[in-house]
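What follows is one structure encoded as structure tokens, with my remarks underneath.
The values are calculated or read from the model by the stated rules, or taken from the named source; none is laboratory data. Quantities reported herein were computed from a predicted structural model and do not represent experimental measurements. Cβ placement follows ideal geometry from the backbone for every residue including glycine, while neighbour counts extend to all protein chains displayed. With ligands, DNA and RNA removed, areas are computed over all heavy atoms of the protein, side chains included. Shrake-Rupley method; radii C 1.70, N 1.55, O 1.52, S 1.80 Å.
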2 protein chains.
Amino acid sequence: MKTRDKILLSSLELFNERGERNITTNHIAAYLAISPGNLYYHFRNKSDIIYEIFLEYEKLVDYYLQIPTDRPLTVDDMAFYLESVFDGLWSYRFFHRELEFLLDSDQRLRRDYRAFTNRCLAAINQIFDGLAEGGVIQPQPEELRSAMSLNVWLVITNWMAFLKTAHGSELSNNLSLVQLKQGIYQVLTLEIPYLTPAYLEPVMALREKYRPELPEARVA
Amino acid sequence: MKTRDKILLSSLELFNERGERNITTNHIAAYLAISPGNLYYHFRNKSDIIYEIFLEYEKLVDYYLQIPTDRPLTVDDMAFYLESVFDGLWSYRFFHRELEFLLDSDQRLRRDYRAFTNRCLAAINQIFDGLAEGGVIQPQPEELRSAMSLNVWLVITNWMAFLKTAHGSELSNNLSLVQLKQGIYQVLTLEIPYLTPAYLEPVMALREKYRPELPEARVA
DNA sequence: GACTACCTAGAGTATATACTCTAATAATAG
DNA sequence: CTATTATTAGAGTATATACTCTAGGTAGTC
């Protein structure tokens with residue numbers, strides 16, 4: 001593998017594992033057993049590395065969120081979109097963690113991420129549209145559907161932070177893909193009241209698959 | 001005012017304004033025109049300052065989220081809780097911004113914040129309970145209500161990050177309390193399907209007060 | 001006035017961080 | 001083989017950061 005790609009891969013791994021804030025360019029170089037000079041030969045600075053990683057993330061999610069408009073959507077479609085989005089979130093999980101700082105430090109990233117968010121929101125809207133066409137959910141006025149889509153996005157992008165901060169034992173802050181996908185349970189919770197009677201049962205069954213095994217204490 | 005209190009106040013102000021990551025203890029001292037030694041006389045380190053600020057935040061929110069259990073809750077109660085929570089979020093807005101790093105760096109904070117989250121979730125649950133008693137929302141099974149409460153929490157705590165990252169112009173990332181309170185619109189969106197017919201109209205009217213004036217583009 | 005507890009200044013330091021520079025080595029093209 | 005280009009090592013640096021240390025001031029009390 002090319003050194004440049006190794007740098008991107010290892011950076012992503014280290015960022016995910018230990019947080020972007022805790023990983024310096026010197027750490028990355030040491031991890032790869034290359035010199036700092038070598039790293040800076042391939043990337044002008046740390047921001048550039050992060051930006052390139054974002055471009056990969058963006059490409060992955062955009063790929064999965066191509067919503068067919070020529071046919072209605074099924075519950076299976078919805079399940080696929082949810083699985084895919086959470087897989088993407090998992091692979092690039094460092095990103096949402098320090099998002100605000102990253103966007104403050106890089107104008108390109110700021111601009112691209114905003115466009116990315118809008119595409120995601122549009123895709124969620126389209127999914128709801130397709131599900132309504134497929135008779136899975138009841139059609140809703142545009143305004144309500146948009147606000148619901150935004151709530152779905154907020155739940156998806158905040159679920160991981162919730163897990164890391166509120167969940168888990170006092171010592172371990174480790175996170176598993178299984179836990180992360182319990183976010184699907186939360187997203188499906190949002191949809192329940194809008195399901196058509198015919199699809200209530202299958203969607204509830206799908207939801208059940210993601211139910212947390214040991215729900216955290218929610219009562220004081 | 002005592003120097004110690006001035007440090008806390010200025011730190012909060014600087015953290016909110018420019019992000020905890022961008023503010024060093026030397027910045028704080030310089031801002032107050034005191035010496036670093038003086039600052040370190042009052043606080044052992046930066047984490048201690050942040051922890052003290054958290055304690056204030058915690059106290060404020062706990063104060064507002066004392067839910068009466070001896071009477072049903074009204075729409076006005078709900079509006080008050082929402083306003084209060086978003087006011088708190090605004091006053092200590094730096095906190096949720098770099099939450100994960102802060103909790104990773106301070107065990108006390110990690111422990112206390114987790115307990116705080118659980119208290120908040122319990123309060124949201126109680127509010128839903130009280131609203132059901134008051135006939136505002138339809139009573140729901142415990143499981144669904146808990147999952148809904150969690151979604152409310154996720155929307156509330158992620159709304160600000162959404163504004164900062166996805167909203168606003170490319171250059172300005174400034175945030176206003178008015179914008180922040182548009183999060184109430186999103187929270188009320190979650191409640192719509194659970195409202196009793198009698199309360200649909202008044203809650204929709206309340207929601208309308210927080211509708212964003214210039215909604216961002218949500219369609220590609 | 002002198003004792004004491006509290007408070008403050010400000011220079012200083014060890015370490016980390018992002019990044020640079022030069023020289024050398026590999027790869028490739030003609 | 002040679003010239004050129006791409007890649008790498010590794011020492012080095014300017015700046016920042018969190019924090020320390022010493023000496024001295026201030027306020028209250030007897």
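Miscellaneous remarks
- Binned Cα-Cα distances of the range A:47-208, short to long, each 10 Å bin given as a whole percent: 10, 37, 34, 16, 3, 0
- Only the Cβ atoms of Lys and Arg (+1) and of Asp and Glu (-1) were treated as charged; on that basis the dipole of chain B about its Cα centre amounts to roughly 660 debye.
- Tail fraction, Cα-Cα pairs, the range A:1-78, threshold 22 Å, whole percent: 37 percent
- Mean separation of Cα contacts under 8 Å, 6 or more apart, over the residue count of chain A: relative contact order %: 18 percent
- The range A:1-43: projected area of the alpha-carbon convex hull, averaged over directions, in nm²: 2.6 nm²
- Portion, in percent, of the accessible area of the protein assembly as shown that falls on carbon or sulfur, probe 1.4 Å: 55 percent
- Label positions at B:Ile67 and B:Ser91, each projected 7 Å from the Cα along the C-beta direction, are separated by 2.2 nm.
- FRET efficiency for B:Lys6 and A:Glu133, using Cβ-Cβ distance with R0 set to 60 Å, rounded to 0.05: 0.50
- Zero-based 5 Å bins, Cα pair distances in the range B:40-90, whole percents: 4, 17, 20, 17, 14, 10, 7, 5, 4, 2
- When the protein assembly as shown is reduced to its Cα atoms, the Kirkwood hydrodynamic radius in Å: 23.2 Å
- Ranked from largest to smallest solvent-accessible area, with a 1.4 Å probe on the protein heavy atoms, A:His27, A:His167, A:His42 come out as A:His27, A:His42, A:His167.
- When only the Cβ of Lys, Arg, Asp and Glu is charged (+1, +1, -1, -1), the dipole of the protein assembly as shown relative to its Cα centre reaches about 1340 debye.
- Reachable lysines from A:Lys46, criterion Cα separation under 21 angstrom, eight or more residues apart if same chain: A:Lys2, A:Lys6, A:Lys59
- Peptide A:180-193 shows a mean partner chain C-beta count of 3 within 10 Å per residue C-beta.
- Between B:Arg44 and A:Thr74, the FRET efficiency from the beta-carbon distance, with R0 = 51 Å, is close to 0.30.
- From the alpha carbon centroid of the range B:4-80 to that of the range A:44-100 is 35 Å.
- Theoretical FRET efficiency, 1/(1+(r/R0)^6), r = Cβ-Cβ of A:Glu142 and B:Leu55, R0 45 Å, to 0.05: 0.50
- Of the three principal axes defined by the Cα atoms of the range B:1-130, the extents in descending order read 54, 28, 23 Å.
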